[in-house]
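The values are calculated or read from the model by the stated rules, or taken from the named source; none is laboratory data. Since the model is a prediction, treat every value here as computed from it, not as a measurement. So basically every Cβ, Gly included, is an ideal-geometry build from the backbone, and we count neighbours across all protein chains shown.
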Amino acid sequence: MPEVFIDNERYEFEGDHMALQFILDQGMEVPFFCYHPSMSIPANCRQCMVKAGQYIKDDETGEYELDENGERKIRWFPKMQTSCALKLQDGMVIQTQETSEEAERAQKDTLELLLINHPLDCPICDQAGECPLQIQTYKYGPEGSRFEVKKVHKPKRVELGPRVTLDAERCINCTRCVRFTEEISETNQLTIVSRGDKNYPMTAPNQEFDDPYSMNTVDICPVGALTSTDFRFKARVWEMNQTPSIDITNGKGCNIDLWTRDNQVLRITPRQNKAVNDYWMPDEGRSAYELFNENRASRPSIKLDGSNQSNTSWNNAIETFAETIEAHSGDDVLVIGSPHASVEENYALNKFFNLLGASNARFTPHIIDGYGDGFLITDDQAPNTNGCRLLNLNETDHKDLATAISKAKVCIILSDNLVGRKVVAASDLGNTYTISFATNMTETAKASDLVIPITCVAEHAASYVNIDGRIQRSFPAKETKYTNRRLNLEMSEGRLDRYGTNFDNWVSEEHKVDCLPLWDFLNKLAERLGLDYHVNHSRTILAEISSAIPSFENVTFEKMDEQQGIQLNLDNQKIKQK
Amino acid sequence: MAEQELHFTDEELNEIEKIKAKFPTAKAATLRVLWVAQKKYGHVEPEVQALVAKTLDLPESHVHGVASFYTQYYKEEMGKFVLDVCTCLSCQLCGGYDVLHQIEDRLGIKAGETTDDGLFSVQEVECLGACGYAPMVQITNGVYANNLTEEKVDKLLENLKNGKMPEFESMVMRQNEKRIKAATE
Amino acid sequence: MVEDWKSYEPLLIPDIPNLHKIDVYEDNGGYEAFRTVLGDQDKWSRKNVTEEVKAANIRGRGGAGFNCGLKWSFMPEPDDRPRYLACNGDESEPGTFKDRNIFEFNPHLFIEGALIAAYAMSIDTIYVYVRGEYIDWVNKFEEAVEEAYEKGYIGNNILDSDFSVDLHTTYGAGAYICGEETGMLESLEGKRGYPRVKPPFPAQKGLWGNPTTINNIETLANVPLVINNGAEWYQSIGVEGHTGPVLYGISGHVNKPGVYEYPAGMPVMDLINDVAGGIRGGKKLKALIPGGASTPILRADQLEGVSMDSNSLREAGSMMGTAGMVVMDEDTDMVDLLWRITHFFHHESCGQCTPCRDGTGWLEKVMVKIKNGNGEIKDLDLLLDMTTMMEGRTICALADAAAWPVRHTITRFRDEFEARCKKSVHAVA
Ligand SMILES: Cc1cc2nc3c(=O)[nH]c(=O)nc-3n(C[C@H](O)[C@H](O)[C@H](O)COP(=O)(O)O)c2cc1C
Ligand code: SF4
Ligand code: SF4
Ligand code: FES
Ligand code: FES
């Protein structure tokens, strides 16, 4: 097998590899900026320099030539090589900054040059704390600068589009953003303009950077040149917790991170998953954080007289719910599951009411034809349509659902804004007693007689099956009134959480929503109804699903975590894809 | 200038088709079509760039990036005569800066500016490949005026004011005596 | 060193009036080489043409001095992909103004050379890329191309052979970097002239990803001479290691500046004193930049016995470059001169890669400081260190070209630079 020698260690390799990626794959490091594994390699930052050469092989014998000390002879390449663009060859010798002073010096020099025209305004820069330029400078940069002349000035605070703001002085011209619009989103909205040290990225004059994927450029910009207009100046990265999750705004299920501080989600960024979204996500999915913070259903509410809802206690809510159920036969109860809710919620709800004699839950997919782009934006507006299908809920179109509602005496809706998305009109719900399990106070929740606030994807661990049949899961990222970061081992704890107390002025109790996971509420309801139903956790529900439904065989949270989701077999379910 | 006013004539479109035929891609024609547009409008301001992009069916950002990279494209309206004064190496040695300062002085503007009457713009430029005939000036991306002296510069300005462009000057190798003779006869 | 140069008769631009007209060119033996090759394709197989040109060792006249035939031999075997010859007429290196003479006075010699090159490398399309400022020369050249098309030297089944090739002329719009071969390819593709990372080399992946060879205009103009007279004859012109006729562009403080054609290996002092008529105003020679702005400057005392060929110039501490010789008299201010050179490279850096984009600007800004009398001795050492930070670390050789003049002008005229500096406030007593 071909071999390479990196920092005096021997490695075998097969196929085509560039040195930088190979080195990173071995868990070692060479600093870099312009390289991105999913885009072309321009080798323009010149940061990833290494010293490289080739052991000399005798053409005839194929043996390595030795010097007088018996060491293999090396023919060094005449110049330093950029490792990102250096293709591995059999017998190649590479010395990184770890073993070569020349490589170390070259990297230091490049950093000094990158910084001479950089404004060095880290104290007011959003990128600080997660800035490759800052990090590499600490690790590999010069002690100080010898630059004592004037810096180049360029445009600052330019709103390139509705969501991205440019500070051209911070730009290091790595062209990642431009390549993104050329190679990934293919809108070609950005270009580098001007020449030499006046270069910076821009749109065409009078054009907006409204690429539906524009904010990915903020993520991949290795400095604070491109920032999120929305997130600018909101928080320092080191104050936030980062929790893995799934984008619930469409059917793709982009893997994401939720960034929280004081139990508010402040931003959403993509998390790499080669099988789903690679490094990217649509801008739309990023604004979903508002759903998690604002207009939440908090404390149960009830319609007493007329159409006015008012908050009520959990006890009263449970009592009202139970009395309603007791007053009706199972036939009169219509259960509506939701492609917007998780696999576990849909299953638990359906099972619970099956036990009470209600027939199988229905659900209505949330599809907008032609909305998708064949990339990460889908016609499907919900994260779990296929989950509902695999659970064998009854897929029902708008008309049939309206009919079913008109026939039912009690209608139970699992977080789905059926009114808002015009499946039914609020008036359709007028003649049945409507109970909504809701994360947000949507038109549907507002039109309901009883609203039970439940946790959203940012507050619970639960799974979702995307349009391609991949099941993936969320983690709790923000606390509710009834959860506690320190006790819940699944929750991440940031610096502020660990060292703060309730008396600190940056801790606000109101950010904790007064809601329960659906299954917890059902436990309480079961207790009141004397029903033999109890689950501890979404994990227990999934275990039950996995043993009960063949499509979910062997599916566990652990396996999803290990494999970044599990591909389920959609074929035997005859599921249509959108 | 409103966008809908801008368009190429059939004749220009013909020329553009000829340019496109030289290359396997429409993109390759970008530089040349910017030239066609600049010849027509005298500059490649944003609307003109947009016209070029539309004509070639290319992203406007691409055309913008190209237009801003190359110095001969006028990104804004310039004077009727643009005087590109070479001050680079050989011209610097032979008085290129004197020529520049003389022109600035006579026209009352600095390099990078345009006279109020819109007649002249002056720019300092890099080597134009006429180093043996320094100092020299190129006029509006066209003809070269070589071996300038103070008198020649004044005469040049005077002529331009009267709408008279200098003629192309053949710089025959001194070794080509017959050719020089033929040219002067 | 060439000694009998006084009897030399120009070959690239012979003294024949109206030679740019195809009839005159033909009357004087023009297109004979191309006819010979196409007429006897057994003797002149594609491989044999390449071998002959390689044996002649035409050193590339674009600046790097690479053996032309050897470069041709790097082209892969023909497959179903198109193949290109890109002729470099960007001519933007300060001090260089030779290729335009070929366009104006002997365009068919170059066309003929390009056609032979295309034949030898099985190329189907030739592009001639000329700097945009040379629009007048482009127009003249295009007339010649049209004539050659009309006479059937370019086009399909040329001279009834099975060889077909097209030749397209196009031009840039003001960017020195488009003379760098891969910057030129990008520009030909209609883009910003950003040089490409190599490998892959143009012979593998050139224009639109296809095999491409790049040659300078003057380089190709030498090819018909080799075919007509043989590699051995060609090798007899000039000196060992650097042969053939060279268009010397002489500018600066000489009495008779201009382009002159003489063999490679001309004695430098003969070129300055005899050919170019000596220093203006009877002044003394101070220094010479031998081959365009990027080649290291030589002091007058370094020029003794030096000739214009790669070996001799390398020994003297410089390079042949484009043979664009810039001559400086005793009054020349080296600080001003170097500042202007740094300004040029700062202005022309494409800005793609860090050491060049930021380094060229830094060089110029420190030079401005020194020029204005605000420099300190440590700034000179900083400049020298910066040349190390830039050299050999970039995508293309522009950064090297910017670094060399700084390094050599400062080291070779250190006294002058120090004299312009303030006494350092940090100086240790
Ligand atoms: C910054 C830079 C500018 C260059 N400019 C030119 C040029 O204007 N004309 C030219 O023929 N070669 C130029 N070259 C050299 C070309 O890259 C290339 O080596 C040459 O065109 C090859 O042709 P040759 O082998 O026939 O000389 C330049 C190189 C660099 C690095
Ligand atoms: S804005 Fe950021 S991503 Fe774009 S070129 Fe500059 S540094 Fe790179
Ligand atoms: S060395 Fe300079 S000119 Fe060449 S690619 Fe890099 S920035 Fe551009
Ligand atoms: S990462 Fe290799 S040059 Fe930028
Ligand atoms: S230096 Fe002015 S034309 Fe070359």
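In the set B:Ser68, B:Ser61, only one residue is touching a strand residue (DSSP E or B) at 6+ places or on another chain (Cβ under 8 Å), under 30 Å from A:Thr203 (Cβ atoms) and within 16 Å of ligand 3 (Cβ to nearest atom); that residue is B:Ser68. A Cβ distance below 6 Å, combined with a sequence gap of six or more or placement on separate chains, defines the contacts here; from the stretch C:57-74, residues that are at positive phi reach residues that are within 16 Å of ligand 5 (Cβ to nearest atom) and in a loop (DSSP other than H, G, I, E, B) in the pairs C:Gly63/C:Gly321; C:Gly63/C:Thr322.
Matching residues to (1) surrounded by fewer than 17 Cβ atoms within 10 Å (Cβ to Cβ); (2) within 14 Å of chain B (Cβ to nearest Cβ); (3) within 16 Å of ligand 4 (Cβ to nearest atom):
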{"residue": "A:Thr187", "(1), (2), (3)": "no, yes, no"}
{"residue": "A:Met215", "(1), (2), (3)": "no, no, no"}
{"residue": "A:Gly224", "(1), (2), (3)": "no, no, no"}
{"residue": "A:Phe233", "(1), (2), (3)": "yes, no, no"}
{"residue": "A:Gly251", "(1), (2), (3)": "no, no, no"}
{"residue": "A:Val265", "(1), (2), (3)": "no, no, no"}
{"residue": "A:Arg286", "(1), (2), (3)": "no, no, no"}
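Apart from one condition, A:Cys174 fits all of (1) within 16 Å of ligand 4 (Cβ to nearest atom); (2) touching a strand residue (DSSP E or B) at 6+ places or on another chain (Cβ under 9 Å); (3) under 30 Å from B:Gln72 (Cα atoms); the exception is (2).
Quick one: in the stretch C:27-70, of everything that is of a type in the set (Ser, Thr, Tyr) and in a helix (DSSP H, G or I), which residue is nearest to the chain's Cα centre (by Cα)? Only one residue fits best here, namely C:Thr50. Within the stretch B:35-61, the residues that satisfy the criterion of being more than 14 Å from chain A (Cβ to nearest Cβ) and part of a helix (DSSP H, G or I) are B:Trp35, B:Val36, B:Ala37, B:Gln38, B:Lys39, B:Lys40, B:Tyr41, B:Thr55. C:Val24 meets the stated requirement of being within 14 Å of chain B (Cβ to nearest Cβ), closer than 21 Å to C:Leu109 by Cβ, more than 16 Å from ligand 4 (Cβ to nearest atom) and not in a loop (DSSP other than H, G, I, E, B). Of the residues making up the stretch C:348-359, those that are within 7 Å of chain A (Cβ to nearest Cβ), at negative phi and not basic (Lys, Arg) are C:Ser349, C:Cys350, C:Gln352, C:Cys353, C:Thr354, C:Pro355, C:Asp358, C:Gly359. Among the residues of the stretch A:164-175, those identified as more than 16 Å from ligand 3 (Cβ to nearest atom) and surrounded by 24 or more Cβ atoms within 10 Å (Cβ to Cβ) are A:Val164, A:Leu166, A:Arg170. Take the conditions within 19 Å of C:Ile102 (Cβ to Cβ) and assigned to a helix (DSSP H, G or I) and apply them to C:Ile227. Does it pass? In short, yes. Set side by side, the residues C:Gly174, C:Gly190 differ, and just one is within 15 Å of ligand 1 (Cβ to nearest atom) and on the phi > 0 side of the Ramachandran plot, which is C:Gly174.
The single condition from (1) within 15 Å of ligand 2 (Cβ to nearest atom); (2) at pLDDT below 95 that A:Trp238 fails is (1).
The set of residues in the stretch C:27-51 that are buried (at least 16 other Cβ atoms within 10 Å of the Cβ) and more than 13 Å from C:Asn228 (Cβ to Cβ) comprises C:Leu38, C:Arg46, C:Thr50, C:Glu51. Looking across the stretch B:1-34, the residues that are part of a loop (DSSP other than H, G, I, E, B) and surrounded by fewer than 16 Cβ atoms within 10 Å (Cβ to Cβ) come down to B:Met1, B:Ala2, B:His7, B:Thr9, B:Pro24, B:Thr25. In the stretch A:450-493, counting only strands (runs of 3 or more DSSP E) that sit wholly within it, the ones holding 2 or more residues that are of a type outside the set (A, V, I, L, M, F, W, C) span A:463-465, A:470-473. Kindly indicate whether A:Trp280 is under 30 Å from A:Asp121 (Cβ atoms), touching an Asp or Glu at 6+ places or on another chain (Cβ under 9 Å) and surrounded by fewer than 17 Cβ atoms within 10 Å (Cβ to Cβ). So A:Trp280 does not fit the description; no. Every condition in (1) acidic (Asp, Glu); (2) within 12 Å of chain C (Cβ to nearest Cβ); (3) farther than 16 Å from C:Asp136 by Cα holds for B:Asp116 except the one numbered (2).
For the condition over 15 Å from the mean Cα position of the chain (by Cα) and crowded, with 24+ Cβ neighbours inside 10 Å, C:Tyr119 does not qualify. Checked against the criteria, C:Ile341 does not count as of a type in the set (A, V, I, L, M), not assigned by TED's automatic domain parsing to the domain that holds C:Leu288 and not in a helix (DSSP H, G or I). Among the residues of the stretch C:139-146, is there at least one that is surrounded by 23 or more Cβ atoms within 10 Å (Cβ to Cβ) and either more than 16 Å from ligand 4 (Cβ to nearest atom) or within 14 Å of chain B (Cβ to nearest Cβ) (or both)? Checking the stretch C:139-146: at least one residue is surrounded by 23 or more Cβ atoms within 10 Å (Cβ to Cβ) and either more than 16 Å from ligand 4 (Cβ to nearest atom) or within 14 Å of chain B (Cβ to nearest Cβ) (or both).
Does A:Leu487 satisfy the condition of being more than 22 Å from the chain's Cα centre (by Cα), surrounded by 14 or more Cβ atoms within 10 Å (Cβ to Cβ) and either farther than 16 Å from A:Gln264 by Cα or modelled with pLDDT of 85 or more (or both)? Spelling it out, it is not the case that A:Leu487 is more than 22 Å from the chain's Cα centre (by Cα), surrounded by 14 or more Cβ atoms within 10 Å (Cβ to Cβ) and either farther than 16 Å from A:Gln264 by Cα or modelled with pLDDT of 85 or more (or both). Only residues that are facing another protein chain (nearest Cβ under 7 Å) and within 16 Å of ligand 4 (Cβ to nearest atom) were counted in the stretch C:168-207, giving 1. Inside the stretch C:208-219, residues that are of a type in the set (Ser, Thr, Tyr) and either within 13 Å of chain B (Cβ to nearest Cβ) or in contact with a Cys (Cβ under 6 Å, 6 or more places away or on another chain) (or both) make up a count of 2.
Listed here are the residues, each with its yes/no results for (1) away from ligand 5 (no atom under 16 Å from the Cβ); (2) assigned to a loop (DSSP other than H, G, I, E, B); (3) touching a Gly at 6+ places or on another chain (Cβ under 9 Å).
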| residue | (1), (2), (3) |
| --- | --- |
| A:Pro42 | yes, yes, no |
| A:Ala52 | yes, no, no |
| A:Glu60 | yes, yes, no |
| A:Gly70 | yes, yes, no |
| A:Lys79 | yes, yes, yes |
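Residue-by-condition table, conditions (1) under 19 Å from A:Ser228 (Cα atoms); (2) of a type in the set (D, E, K, R):
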| position | (1), (2) |
| --- | --- |
| A:Val265 | yes, no |
| A:Lys274 | no, yes |
| A:Tyr279 | yes, no |
| A:Glu284 | yes, yes |
| A:Leu291 | yes, no |
| A:Ala297 | no, no |
| A:Leu304 | no, no |
| A:Ala317 | no, no |
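Scanning the stretch B:7-34 for residues that are more than 14 Å from C:Leu188 (Cα to Cα) and either within 12 Å of chain C (Cβ to nearest Cβ) or of a type in the set (S, T, N, Q) (or both) returns B:Thr9, B:Asn14, B:Lys18.
Here B:Val48, B:Val44, B:Val63, B:Val33 are screened, and the one residue that is under 24 Å from A:Phe180 (Cα atoms), β-branched (Val, Ile, Thr) and outside the structural domain of B:Gly108 (by TED's automatic domain parsing) is B:Val63.
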